[in-house]
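All remarks here apply to the structure that follows.
The values are calculated or read from the model by the stated rules, or taken from the named source; none is laboratory data. These figures come from a predicted structure and were not determined experimentally. No Cβ is skipped: glycine too gets one built from the backbone with ideal geometry, and neighbour counts run over all protein chains shown. Calculation scope for accessible area: heavy atoms of the full protein, side chains included, ligands and nucleic acids excluded. Shrake-Rupley method; radii C 1.70, N 1.55, O 1.52, S 1.80 Å.
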Amino acid sequence: MQNLIYGIWKNDVAKRKAIWEDVMKETLNFFERMAELGYEDRIGQQDMSYDIIESIRDNQDIIVEASVGIGKSYAYLIPLMYYYKITKKPFIVSTSTITLQEQIEKDIVKLSKLLEIPIDITIAKGKNNYLCKERLFNIGDKSIKEKFNNLKENEYLNDRANLHDMSEKIWNKININECKFQKCSSYYTCSFIKKREKMQDCKGAIICNHDLLLENQKRKVNEQKLLLAPTEIIVLDEAHNLEIKARNSYKKVLLFSNVNSIVNKSYRLLSKVGYPISSRSMSELNKNIKDFFDIVKQQAERQIDILIKRNIILNKEDMENCDIEFTKSILDISKTIYEDLERFSSSVQLYDRRNDEDSVADSLLEIIDFYKEISKGKDSSVVFWIEKNKKNYLLASCPKNIDERLKNILFNDKENVKVLTSATLNTSIDKNEYYNYFMKSIGLNKNQRLFISEPKESPFDIENNTLLYYSNDIAHPQKEHSKYIEDITNRIIELISITDGKTLILFTAKADMKIVYEKLKKNNLPYKLIIQNEGSSQIKTKEDFKEDINSVLLSTGTFWEGIDIQGKSLSSVIIVRLPFPILDPVIKYKSSLVEDSMSIYLPEMIIKLKQGIGRLIRCNTDKGIIAILDSRIGDSSKSLYKNQVFDCIKSVNRTTDLKCVKKFVKEKGII
């Protein structure tokens, strides 16, 4: 009936306005009833909802930062649920973490009951999150196979989210890495394929990750079959990760074993059909490829030695990435390789199609393009870097113009409206510069199709429940690294003694984290020390920390934003160093384009710092200490950015006196 009513409007603009005026009425009515429904009345949440409704009504994308406690998922889900009630059209919510995907699903289920709006929900996760029955069948380890007995009855075992005790190392041996689709013997019973079909036909809420959304948008631009049902509204939650997700989406890698395999497959294919190619020329090509990767390895190991001396890493296993140096030798050999490959690539394409040999031709073309770009050196259109791959090294790349790529696939798509939100998008207190850095990074410009919503401040009493401790007497983290380590270790001991544990310590470098952990262990402290370990379940690490109320967790990487613990277990966050980006090849490239590199490094640091600080106050009863052990923001520091750091922690009292910290902890009943 409602669709018939909206159908009388003469054009889409009038129809859109009519629909969203009704959504506004329903949403206003809901917020008026919130107290009687048992929910807190949050002004910031309501303002965010109204801004979203107005922007979609006017066919505008919207950016809105929502600090902790706003309840941002309800702020966008409530109007979207009413939109669905009126139109029966699907909508997409995209996030960067599975944890948030699962939380949003719970929120929609609650709202569905509360608003009496039945809705179909599909969680769309990438293939790596699902069990590959073929890989499981072929694995030699019987103990792993035993964990998956009776898969028909225990279908939940197909999903990584339900296997909390399984390490990433084991999971990566049995998950889907390369799907064969209909060529696979388990195609018709595969959980991933079933989910894939469902997300293409979903008529309600589709909850996906940014990786899947971006792949879907690329397919749309290329006029390929879509992975997700077409929608008019896309919410990008955790939007601060959009740029890095886009980088990963366009990332390509060159690995010796893969190159060697594709080249040899090409040779065998051509030999089969009698194409004139000598074994000698192939031997020379294979030698050049090996020599190329030997140069890459030498460059990596030389840089590893430098990183160890600079105390950024402890050993080569800690190295995640490093620069590639465009020496004459690497440029020359890259040019030779791609020219040699090009000579027979057209023939491989011809015979590959004829013989249907697993897309050897496509893989070969990708390798040729990779080497061609490397041979251009700094004039290439992509950024290159070296990564560690088990005992070997690989070369990785992504386009330099990620902002333009995002604009093309996402923001030039006028068939839907985008809602971009996160707790950490803004890096300026100047209203005229809200979200400027974020927008520039993702290819957005201020225009009539963009609604700039004022950041929504947390409703929690952060001023009275938080104290910032900062230091004046810690050595410089780079200039006096050994003394810095001693200083922060001693200060950490003092701080965790005041709060009786209950502390999350955030590091920017794994080396520092490991050294400090060993030093703390030697002090025989009366608190359980937990260190974040690669390969172990991060979920279990968080649970261990939460369950032992007086424990201390030393962490880095994802824990800057991937931990949400309410209550006394997390009463103190210690940030040992301002989180300026380290060893990030794309950030390094971006900074090379501007006169003042701090115009890139500073907003990157501010966003990360806000994420770390946001771990402390997770509900309105939380209280605690934020400690920043970096004298670059000390009273005597002349750094130009220290005020911007303090602006991140608005309305918070600060001190350099540990006696004040003790007093605050006692008064707030933290111990």
Discussion item. With n ≥ 4 as the cut-off for DSSP H runs, can you work out [θ] at 222 nm for the chain, using -39500 (n - 2.57) per run divided by the number of residues, rounded to the nearest 500?
Written reply: -15000 deg cm²/dmol
Item to complete: May I ask which residue of L350, G377, S363 lies farthest towards the positive end of the charge dipole of the range 331-419, with charges of +1 (Lys, Arg) and -1 (Asp, Glu) on Cβ and the Cα centre as origin?
Response: G377
Worksheet item: When the chain is fully extended, how far beyond the present Cα-Cα distance does E102 get from E433, taking 0.36 nm per residue of separation?
Response: 115.8 nm
Worksheet item: At a Förster radius of 25 Å, what calculated FRET efficiency corresponds to the Cβ-Cβ distance of K440 and R219, to the nearest 0.05?
Response: 0.45
Worksheet item: Toward the positive end of the charge dipole of the chain, about the Cα centre and with charges on Cβ (Lys, Arg +1; Asp, Glu -1), which of Q532, L450, V93 goes farthest?
Response: Q532
Discussion item. Test of understanding: what is the full-extension gain from D564 to N447, defined as 0.36 nm times their sequence separation minus their Cα-Cα distance?
Written reply: 38.6 nm
Fill in: Extension gain, K638 back to E667 (0.36 nm per residue minus Cα-Cα distance, nm)
7.1 nm
Discussion item. Need one number: convex hull volume per residue for the range 254-411, Cα atoms only, in Å³.
Written reply: 140
Worksheet entry | Label-to-label distance, nm, for residues given as Y156 and E284 (7 Å Cα→Cβ offset) | 6.3
Worksheet entry | Cα-centred dipole magnitude for the chain, charges only on beta-carbon of K, R (+1) and D, E (-1), debye, nearest 20 | 1180
Discussion item. To the nearest 20 Debye, how big is the dipole of the range 239-336 about its Cα centre, given +1 on the beta carbon of each Lys and Arg and -1 on that of each Asp and Glu?
Written reply: 460
Practice prompt. Determine the per residue accessible area of the chain with all protein chains present and a 1.4 angstrom probe, expressed in square angstrom.
Written response: 48
Discussion item. Could you check the spin-label model distance between M34 and K173? Points 7 Å from the Cα along Cα→Cβ, value in nm.
Written reply: 5.0
Discussion item. Report the Rg/Rh value for the range 611-671, based on alpha-carbon coordinates and the Kirkwood definition of Rh.
Written reply: 0.98
Fill in: Separation of the R135 and E404 label points, Cα + 7 Å toward Cβ, nm
3.6
Response to the item:
Taking every other residue with Cβ under 15 Å from the Cβ of K522 and scoring Lys and Arg +1, Asp and Glu -1, one gets +1
Worksheet item: Per residue, how much space in cubic angstrom lies within the convex hull of the C-alpha atoms of the range 228-286?
Response: 160
Response to the item:
Of every hundred units of 1.4 Å-probe accessible area on the chain, the number belonging to carbon and sulfur atoms, as a percent, is 47
Discussion item. Over all directions, the average projected area of the alpha-carbon convex hull for the range 8-134 comes to how many nm²?
Written reply: 9.9
Worksheet entry | Neighbour-limited loop hits for GluC sites (Glu not before Pro), the range 410-488 (at most 11 other Cβ within 10 Å; DSSP other than H, G, I, E, B) | E415
Item to complete: Could you work out the local net charge near A35, counting Lys and Arg as +1, Asp and Glu as -1, over the other residues with Cβ closer than 12 Å to its Cβ?
Response: -2
Worksheet entry | Sequence-distant aspartates and glutamates (8 or more away, or on other chains) whose Cα lies within less than 14 Å of K372 | D332, E339, D340, E342
Worksheet item: By what distance, in whole Å, do the Cα atoms of the range 449-574 stretch along each of the three principal axes, largest value first?
Response: 55, 36, 33
Worksheet item: Cross-link list K391/K440; K568/K590; K125/K407; K110/K218: which exceed 30 angstrom alpha carbon to alpha carbon?
Response: K391/K440; K568/K590; K110/K218
Worksheet item: For the charge dipole of the range 109-170, defined by +1 on Lys and Arg C-beta atoms and -1 on Asp and Glu C-beta atoms about the Cα centroid, which residue among P118, N150, M166 has the Cα displaced farthest towards the positive pole?
Response: M166
